[in-house]
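First the structure, in the form of structure tokens, and then the observations on it.
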Amino acid sequence: MPELPEVETTRRGIEPHTVGRTVVRLVVRNPALRWRVTPKLVQEFSGQTIRSVTRRGKYLLFATDAGAAILHLGMSGSLRVAPCTQAANIHDHVDIVLDNGDCLRLHDPRRFGCLLWTRDDPQKHKLLRDLGPEPLAADFSGDHLFVKSRRRKRAIRDFLLDSRVLAGIGNIYANEALFAAGLRPMRAAGRISKDQYARLTQAIRATLNRALKAGGTTLRDFRNGRGEPGYFQLSLNVYGRGGERCLVCGTAIKAKRLGQRSAFFCPKCQS
């Protein structure tokens, strides 16, 4: 699934090609995404000039004078800039056609993504209003995690993946940040100290910033706004490396199923 670094990389890639451009029309080849692309969205987004492209968690927000389009890439989606004359692939479900002959092309094989429209403040939309702080924002701190975690028996990895606690970090980056902070992913969130949360906050920021510099992580089918892969997978310390040797100490990396997702850790470097 595209996580925060992949979505932010996409935002940075498409922003120069979209801000100030007018949406001429939408070409909807398959409206059956997670929620159906409605004729109202097509009508209201068409003709609008895109004033900004921002991100909240894993959502991209296209602000116009009349409202905002909210886009989520789902499990396997990507968004790229392409000439409108370029032939669409089988899973290219929506084109946002711009006034310069380019389009934003939404590719989503599993169709778990969405494209919605709101006339109101998108930050108050039901999908966004309860999101926790941005991991790279100034208001994100170890104190926030410490307070939220008190008396919580939930595993720290799952605690970090709760979007009401923290917006958009994702499983890959939670595992990598926990390795950097020296914490095992199955540790109870409520048993982690304030100093440890301060260290974890720094590790989360550092991990996400490294991923952004590398353009995100390509494990299956992520592509950025220019159709290019991300390369952070070349720098992964634990995620997806179960049974391999730790790059720091040489101990075998272990994998453990937590909920519906795998967690990876070094039994020597993390406690």
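Would you tally the residues in the range 234-252 being under 15 Å from Arg184 (Cα atoms) and among the hydroxyl-bearing types (Ser, Thr, Tyr)?
Final tally of qualifying residues: 2.
Only one of (1) part of a helix (DSSP H, G or I); (2) in contact (Cβ under 8 Å) with a residue 24 or more places away in the chain; (3) surrounded by fewer than 18 Cβ atoms within 10 Å (Cβ to Cβ) is not met by Arg164, so which one is it?
For Arg164, the failing item is (1).
Taking Ile172 and the conditions (1) surrounded by 21 or more Cβ atoms within 10 Å (Cβ to Cβ); (2) assigned to a loop (DSSP other than H, G, I, E, B); (3) modelled with pLDDT under 95, which numbered condition does it fall short on, given that it satisfies the others?
Failed condition: (2).
Taking into account only those residues within the range 175-218 that are within 21 Å of the chain's Cα centre (by Cα) and part of a loop (DSSP other than H, G, I, E, B), which is surrounded by the fewest Cβ atoms within 10 Å (Cβ to Cβ)?
Thr218
I'd like the full set of residues that are of a type in the set (A, V, I, L, M, F, W, C) and loosely packed, with under 12 Cβ neighbours inside 10 Å, limited to the range 123-152.
Ala137, Ala138, Val147
Go through (1) surrounded by 15 or more Cβ atoms within 10 Å (Cβ to Cβ); (2) assigned to a helix (DSSP H, G or I); (3) at pLDDT below 95 for Leu234 and report which single condition fails.
It is condition (1) that Leu234 fails.
Kindly check whether there is at least one residue in the range 245-258 that is under 19 Å from Asp158 (Cα atoms), hydroxyl-bearing (Ser, Thr, Tyr), modelled with pLDDT of 90 or more and not assigned by TED's automatic domain parsing to the domain that holds Gly74.
no
Filter the range 61-109 down to residues that are crowded, with 17+ Cβ neighbours inside 10 Å and small (Gly, Ala, Ser), then give me how many there are.
9
Out of Asp120, Asp95, I need the residue that is modelled with pLDDT of 95 or more, in the same structural domain as Val23 (by TED's automatic domain parsing) and either of a type in the set (Lys, Arg) or in a strand (DSSP E or B) (or both). Which one?
Every option except Asp95 fails the conditions.
Can you tell which of Gly13, Gly20 is touching a residue at least 24 places away in the same chain (Cβ under 8 Å), assigned by TED's automatic domain parsing to the domain that holds Arg111 and either of a type in the set (S, T, N, Q) or surrounded by 15 or more Cβ atoms within 10 Å (Cβ to Cβ) (or both)?
Gly13
Select from the range 18-77 the residues that are assigned to a loop (DSSP other than H, G, I, E, B) and basic (Lys, Arg) and list them in ascending order.
The answer is Arg21, Arg29, Arg34, Arg36, Arg51, Lys58.
The values are calculated or read from the model by the stated rules, or taken from the named source; none is laboratory data. Since the model is a prediction, treat every value here as computed from it, not as a measurement. Ideal geometry is used to build each Cβ from the backbone, glycine not excepted, and the neighbour counts take in all protein chains shown.
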